[in-house]
1. Suppose we filter GLU80, GLU58, GLU105 for residues that are surrounded by 11 or more Cβ atoms within 10 Å (Cβ to Cβ) and within 27 Å of LEU7 (Cα to Cα); which single one remains?
2. Can you tell me which condition PHE27 does not meet? The list is (1) loosely packed, with under 12 Cβ neighbours inside 10 Å; (2) part of a helix (DSSP H, G or I); (3) within 22 Å of the chain's Cα centre (by Cα), and all the others hold.
3. Somewhere in region 1-8, is a residue modelled with pLDDT under 70 and either surrounded by fewer than 13 Cβ atoms within 10 Å (Cβ to Cβ) or assigned to a loop (DSSP other than H, G, I, E, B) (or both)?
4. Any residue at all in region 39-54 that's surrounded by 11 or more Cβ atoms within 10 Å (Cβ to Cβ) and either of a type in the set (Lys, Arg) or modelled with pLDDT under 85 (or both)?
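The values are calculated or read from the model by the stated rules, or taken from the named source; none is laboratory data. Predicted model only: the values in this text are computed from it and were never measured. As a convention, Cβ positions derive from the backbone with ideal geometry for all residues, glycine included, and neighbour counts pool all protein chains shown.
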Amino acid sequence: MSQKKILTQSEKINLAGSKAKGQRPYFLADKQTEQALSVAMTLAMELSVTKERLASLECMLVDKGLIEKGQLDHYQPSKEEVAKRSLETQAYLARVLRMMQQDKEELENNDPDMQTVQDELTKW
């Protein structure tokens with residue numbers, strides 16, 4: 001049985017922006033519209049999950065008498081916690097901006113776009 005490798009925080013950030021092989025298909029009128037929609041949907045999903053989990057956690061803590069309702073509004077994180085949150089924010093932004101980063105890498109690597117690949121395949 002192989003052991004799972006524990007990733008460092010920087011490896012997690014890099015992995016968040018990794019790209020699957022092949023070209024990304026685009027379905028909307030233009031690439032920029034699709035990118036904006038992708039960013040908005042990624043943010044919406046992340047925010048929805050976060051809000052639900054936070055509300056559940058706060059209710060559980062209040063129900064168990066561990067905190068008073070509204071106490072989270074006044075929490076001050078430690079320096080270590082601030083540093084940890086900063087790394088998590090970087091990973092989050094890498095996920096949100098993934099499509100644009102991949103397009104930049106595509107340009108740098110001179111990868112052909114999907115239409116070029118399709119044109120080449122239909123020549124056969």
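1. Within the list GLU80, GLU58, GLU105, the selection yields GLU105.
2. (2)
3. yes
4. Within region 39-54, one or more residues are surrounded by 11 or more Cβ atoms within 10 Å (Cβ to Cβ) and either of a type in the set (Lys, Arg) or modelled with pLDDT under 85 (or both).
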